[in-house]
Structures are given as C-alpha cells and as structure tokens.
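Everything on this sheet refers to the single structure shown next.
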Amino acid sequence: MHIGELARRATVNIQTIRFYEREGLMPAPSRNSSGYRCYEFADLERVGFIKRNQELGFSLIEIRQLMDLHRTVSGMAFPLRRKPAELQAIVRLGRERLETIDERLHTLTGMRQQLAELLRQLESPSVSRCPASSRQAKS
C-alpha cells in the first residue's frame, strides 16, 4: 500500500507517517519503480502500536524503547525460567506509566468532584453568590 492508504487506514495524516520514519519509529519503506513508498500490513500494525502507546501517555522515546524491547523479547524461547533484563525493563516502564496514570486519575477525580459541586450549587433554585468566589474566600 502507498503512504496515503497507510495514513487513511491508520487514521493519521501522511506527515505523521513521515515523522515516524524520520524519528526511527518506522523503518524506511521500500520504493516501487516510480519511487513511491510501499508499505506492508506490519507497518499499519506499527503505526497502531505507536498511536495506542501515545494515547496511554508514553513519549516517543519510551515507545521506541518498547519496540526495541518487544523485538528482543519476541526472539526469546518461552517458557522462561527467569526474567531477563529486557523483560524486567518492560515491566519497570509499565509500572512507571501506571503510577503516572494513577496520579492523573487522582487529580482528575478531584477536579470532577469540584466541578460537580459547583454545578450543583449553580443549578440550585436560588444562587445568592458565586460559589467559586465563596470557595476562594474560604481558602
């Protein structure tokens, strides 16, 4: 498939594909006789992997590390008797990201509760003063 089809199927724009190539997240594609980039299904899967991990909050550097680690781990013989350093690195990175997500959830939960309370007060039958102002005065 050409770059336009890859971008459409991956729901990204063409510039994103080119950016991933420049950043080393995707290998340089083969080219046909006319010089057009030619991609395989594996490239579509790779773009999906990158997008999913970006949505989870991983940086491009972390995603590159995950891809490198995945490549290493996928070449190992299973079952493993002990966890190799590469697998431990994936677990460590996942734990760090999980901690970050938990922190964000805690912050968002607090923000949600404050907003819900503010809306409850504003939607009450009578509002005598701005609930947001009264909060600041109490602080």
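Since every read-out is calculated from the coordinates, none of them should be taken as a lab result. In this text, all values refer to a predicted model and were calculated from it rather than measured experimentally.
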Take each uninterrupted DSSP H stretch in the chain, measure its Cα extent along the helix axis, and return the ones at 20 Å or beyond whose mean Kyte-Doolittle hydropathy is at least -0.5.
60-74, 85-123
Strictly greater than 20 Å: what percent of every Cα pair in the chain meets that?
65
Between 85, 116, 28, where does the largest GNM mean-square fluctuation fall for the chain, given springs only between Cα atoms within less than 10 Å?
116
So if I take the alpha carbon set of the range 1-55, get Rg, then get Rh from the Kirkwood formula, what is the Rg over Rh ratio?
0.94
